[in-house]
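The structure under discussion appears below in the form of structure tokens.
The values are calculated or read from the model by the stated rules, or taken from the named source; none is laboratory data. Predicted, not measured: the structure shown is a model, and the values here were computed from it. Virtual Cβ from ideal backbone geometry, glycine too; neighbours counted across all protein chains shown.
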Amino acid sequence: MDLIVKNARLPDGRSGIDLLARAGRIEAIGAQLPVPAGAEVIDAAGQLLAPPFVDAHFHMDATLSHGLPRVNRSGTLLEGIALWGELKPQLTQQALVERALQYCDWAVAKGLLAIRSHVDVCDDRLLAVEALLHVKQQVEPYLDLQLVAFPQDGLLRTPSALANLKRALDLGVDVVGGIPHFERTMADGAESVRILCELATARGLRVDVHCDESDDPLSRHVETLAFHTQRLGLHGRVTGSHLTSMHSMDNDYVSKLLPLMAEAGLHAVANPLINITLQGRHDSYPKRRGMTRVPELLAAGVNVGFGHDCVMDPWYSLGSGDMLEVAAMGLHVAQMTGEDAMRACFDAVTVNSARILGLTDHGLEVGKAADFVLLQARDPVEAIRLRATRLAVVRRGQVVARTPAATAALSLPGRPAAVDWTLVR
Ligand SMILES: [Zn+2]
């Protein structure tokens with residue numbers, strides 16, 4: 001059946017726009033399109049129709065495990081890693097699948113239709129890999145789940161990690177992952193990046209490494225990542241995730257680094273909710289924020305996406321799959337409060353992240369997949385401000401989730417009966 005959205009606003013500011021979806025693809029976009037016989041009609045009533053949210057960095061093997069086997073009392077990264085180590089031997093495939101599927105339900109309800117998730121390959125049983133490959137297949141009709149083979153305990157630091165990582169790729173995991181700053185030495189970290197980039201080249205895969213997730217300004221594996229990306233011609237296929245050490249590097253070095261990253265076509269992912277809570281923990285005052293240099297990366301021509309990273313797991317007991325919350329935190333931490341900068345934060349959880357995943361079918365354009373979300377807001381900035389309600393979520397031309405508009409009924413003398421948060425702009 002055809003589906004037509006009437007009278008929408010688009011993120012680029014166009015208003016009074018209709019969008020027709022036919023056979024799962026966008027057939028037409030324009031003003032006052034005729035309604036085909038029998039089509040399902042959604043009256044957008046001037047609200048914002050946006051491409052679906054994309055999460056460029058997540059850990060679905062750990063999600064919704066908060067409290068298992070105990071809570072993270074200090075809230076620190078190190079206690080989180082220790083907790084994950086305690087939990088791993090107790091994991092069962094069934095529980096993992098159930099939690100992941102539940103999270104995917106949350107994601108769809110929030111208009112989040114594509115997720116890149118790292119999956120730990122340091123367990124010789126590859127239990128999480130098998131579980132998430134099963135989940136990927138199961139959710140495929142309504143959510144793109146891309147998996148990264150992630151050697152959480154270090155590629156060279158853990159004896160079987162490289163063999164396990166290759167096995168995970170053989171089983172169908174999509175992307176090569178790594179964690180150079182966690183290897184035993186700087187030299188081992190650099191060597192791990194070389195191995196991973198060459199492996200990805202040989203297999204024709206993308207790379208996404210947890211890179212320099214540290215406040216140590218001398219953690220410079222991103223330089224090595226840019227070098228091998230350039231050397232091997234992997235432009236546009238390699239992502240540095242976190243890159244928090246860049247926050248603490250001196251400006252002179254960064255002035256050399258940024259053009260090298262841009263030249264290599266490296267993508268960057270910031271994880272604002274997690275890095276603002278986990279970084280700076282060894283500081284007294286002043287306390288560093290730890291997030292990578294988002295506006296500077298963008299200005300240098302580097303594509304930057306935002307990731308949720310964690311939801312209710314050993315590292316972070318909050319979160320709900322709401323990428324507008326991620327965008328809002330990124331906006332605040334990076335002080336991206338200019339009008340264009342705020343819009344760039346909306347792009348970071350939609351189009352920029354889609355580029356990182358290599359989703360060529362993402363976006364509101366004729367011929368692309370009919371995937372979109374109708375938000376109770378009139379533009380991207382208002383969507384971030386209100387963490388706007390997802391009035392309707394559409395996947396391949398079918399409505400997969402609806403949420404009633406947010407209103408509050410008032411009983412105040414001489415005042416209107418309801419609150420509309422969208423009246424001011
Ligand atoms: Zn991560």
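Taken across segment 52-63, residues that are within 16 Å of the ligand (Cβ to nearest atom), of a type in the set (G, A, S) and either closer than 30 Å to L273 by Cα or touching a residue at least 40 places away in the same chain (Cβ under 8 Å) (or both) do occur, with at least one present.
Flag: G280 does not match the condition of being within 16 Å of the ligand (Cβ to nearest atom), in a loop (DSSP other than H, G, I, E, B) and in contact (Cβ under 8 Å) with a residue 40 or more places away in the chain. Does V349 satisfy the criteria of being among the hydrophobic types (A, V, I, L, M, F, W, C), under 30 Å from G204 (Cα atoms) and buried (at least 18 other Cβ atoms within 10 Å of the Cβ)? Criteria met by V349. Would you mind stating whether E86 is in a helix (DSSP H, G or I) and touching a Pro at 6+ places or on another chain (Cβ under 7 Å)? So E86 fits the description; yes. Residues in segment 352-377 that are farther than 17 Å from D55 by Cα and surrounded by fewer than 19 Cβ atoms within 10 Å (Cβ to Cβ): E365, V366, G367, K368.
Selection over segment 242-275 of residues that are surrounded by fewer than 18 Cβ atoms within 10 Å (Cβ to Cβ) and within 16 Å of the ligand (Cβ to nearest atom) gives a count of 0.
Looking only at segment 342-357, decide whether some residue is at pLDDT 95 or above, of a type in the set (F, W, Y) and within 16 Å of the ligand (Cβ to nearest atom).
Here is the first cut: in segment 342-357, the ones at pLDDT 95 or above are 342-357.
Next cut, of a type in the set (F, W, Y) only: 346.
Filter once more, keeping what is within 16 Å of the ligand (Cβ to nearest atom): none.
No: zero hits.
Looking only at residues of segment 378-392 that are in a loop (DSSP other than H, G, I, E, B) and touching a strand residue (DSSP E or B) at 6+ places or on another chain (Cβ under 9 Å), we find that the one that is surrounded by the most Cβ atoms within 10 Å (Cβ to Cβ) is A388. Against the definition (more than 16 Å from the ligand (Cβ to nearest atom) and either closer than 30 Å to R206 by Cα or out of contact with any Cys (no Cβ under 6 Å at 6 or more places or on another chain) (or both)), how does A82 come out, yes or no? So A82 passes the test. Among the residues of this structure, A62 counts as one that is part of a loop (DSSP other than H, G, I, E, B) and crowded, with 21+ Cβ neighbours inside 10 Å. Inspect segment 330-349 for any residue being in contact with a strand residue (DSSP E or B) (Cβ under 6 Å, 6 or more places away or on another chain), in a loop (DSSP other than H, G, I, E, B) and either under 21 Å from D144 (Cβ atoms) or of a type outside the set (F, W, Y) (or both) and give the result as yes or no. The answer is yes, given that some residue of segment 330-349 is in contact with a strand residue (DSSP E or B) (Cβ under 6 Å, 6 or more places away or on another chain), in a loop (DSSP other than H, G, I, E, B) and either under 21 Å from D144 (Cβ atoms) or of a type outside the set (F, W, Y) (or both).
Every residue, every condition in (1) of a type in the set (D, E, K, R); (2) surrounded by fewer than 24 Cβ atoms within 10 Å (Cβ to Cβ); (3) more than 16 Å from the ligand (Cβ to nearest atom), yes or no:
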residue: V173; (1), (2), (3): no, no, no
residue: V176; (1), (2), (3): no, no, no
residue: F182; (1), (2), (3): no, yes, no
residue: E191; (1), (2), (3): yes, yes, yes
residue: I195; (1), (2), (3): no, yes, yes
residue: T201; (1), (2), (3): no, yes, yes
residue: V207; (1), (2), (3): no, no, no
residue: H210; (1), (2), (3): no, no, no
residue: P217; (1), (2), (3): no, yes, yes
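Counting only residues that are within 17 Å of H118 (Cα to Cα), more than 15 Å from the ligand (Cβ to nearest atom) and in a helix (DSSP H, G or I), segment 131-161 holds 8 of them. In the set R396, R402, R415, only one residue is modelled with pLDDT under 95, of a type in the set (K, R) and over 24 Å from N275 (Cα atoms); that residue is R415. With respect to the stated conditions, A21 is aliphatic (A, V, I, L, M), farther than 28 Å from V148 by Cα and touching a residue at least 40 places away in the same chain (Cβ under 8 Å).
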